[in-house]
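The values are calculated or read from the model by the stated rules, or taken from the named source; none is laboratory data. Being a predicted model, the structure only gives us computed values, none of them experimental. Glycine gets a Cβ as well: all are built from the backbone with ideal geometry, and neighbour counts include every protein chain shown.
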């Protein structure tokens, strides 16, 4: 059976070069980086080389990179590590759950949080950030790229606004790093989060950029690892893999491969709009990462479409992997003004560095029939007037 893996925003498969780099650290190269003997020194040198590789990906110095277990830990550290009861936080209504739920936790202990809306294209207005600033504002947290729509936020402008006010700025770059250039100096951020398995590295590892002079309280206490920001023996194989994945991402971006990926994404969207009536691309008019399409098909269930495509060997999703199993419509799409039934009728297609044109072809051959089949089963769908859903 033909297969197509188009769910790289959930997890991007490990690149072969990353796996080969990690392999020795599961066996013969097993030292603890905190040990003073030869094996420990070799392990420490490998960790520091990986730190330099990650720093190069985001335009930081190696001393500003802290290894974590992934994006959720990085986001949580940024929110809970800098903010105290009585402070004020500005974020958006479309952030990852790691940010939103950390903010809800802070609200329970006396922190005030402003959740900014987004426009219909999925972007936040930077002037709304400026207008929300207060004397007590301690942190602004706005993601760089949305995980469901791929829409890029105006983070450089937001970073300047925060800097002018003397407020720390954090950005979740989990879905941006490795897909678009990231330069912390241009962003003006104090903290930035990345995750290994979103850029073809291993799961269970990530990194946090912590600007010099920024001191978030650690979530994990113990030893002096990671300059005291995160205690615990380092996950040596995963850190090595993240470092190699970061270097490969730098090379991929420098080679201009993002434009080729964007062309495949655009081919998907163009074909969908041409062949399937009552379809829509969310955020199509906004700047986006090159790999992500959020596709609406009126009159169907997105979850049913995901299952139907899976029978054809095609992997897509209805949105964030962290929301799988929820009975609520995708909150990002609701924040963009979609009705619940439209949010439920949306799937996400996300390409990766290993995605082939043949996989895209297979998806585009299967998709129109799968949508038509579901619409034929739906009592609320009628194509008698141009294929529009009743009441749309």
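Points to keep in mind about this one:
- Residue in segment 130-139 that is crowded, with 24+ Cβ neighbours inside 10 Å and assigned by TED's automatic domain parsing to the domain that holds residue 218 present: yes
- A residue that is surrounded by 15 or more Cβ atoms within 10 Å (Cβ to Cβ), touching a residue at least 12 places away in the same chain (Cβ under 8 Å), assigned by TED's automatic domain parsing to the domain that holds residue 146 and in contact with a strand residue (DSSP E or B) (Cβ under 7 Å, 6 or more places away or on another chain) occurs somewhere in segment 41-54.
- Counted residues, segment 302-335 - those being touching a helix residue (DSSP H, G or I) at 6+ places or on another chain (Cβ under 7 Å), in a helix (DSSP H, G or I) and at pLDDT below 95: 1
- Only one entry in 95, 73, 42 is farther than 20 Å from residue 219 by Cα and assigned to a helix (DSSP H, G or I), namely 42.
- Residue within segment 13-20 that is outside the structural domain of residue 357 (by TED's automatic domain parsing), touching a helix residue (DSSP H, G or I) at 6+ places or on another chain (Cβ under 7 Å) and without any contact (Cβ under 8 Å) to a residue 24 or more places away in the chain present: no
- Matching residues, segment 76-92, being surrounded by fewer than 21 Cβ atoms within 10 Å (Cβ to Cβ), assigned to a helix (DSSP H, G or I) and in contact with a strand residue (DSSP E or B) (Cβ under 7 Å, 6 or more places away or on another chain): 82
- Residues of segment 359-377 classified as under 30 Å from residue 249 (Cα atoms) and without any contact (Cβ under 8 Å) to a residue 60 or more places away in the chain, total: 1
- Among the residues of segment 364-384, just one is within 12 Å of residue 278 (Cα to Cα), out of contact with any strand residue (DSSP E or B) (no Cβ under 8 Å at 6 or more places or on another chain) and not assigned by TED's automatic domain parsing to the domain that holds residue 298, namely 383.
- Matching residues in segment 1-18 - criterion: being surrounded by 14 or more Cβ atoms within 10 Å (Cβ to Cβ) and in a helix (DSSP H, G or I): 17, 18
- Residue tally, condition surrounded by 18 or more Cβ atoms within 10 Å (Cβ to Cβ) and touching a helix residue (DSSP H, G or I) at 6+ places or on another chain (Cβ under 6 Å), over segment 55-75: 10
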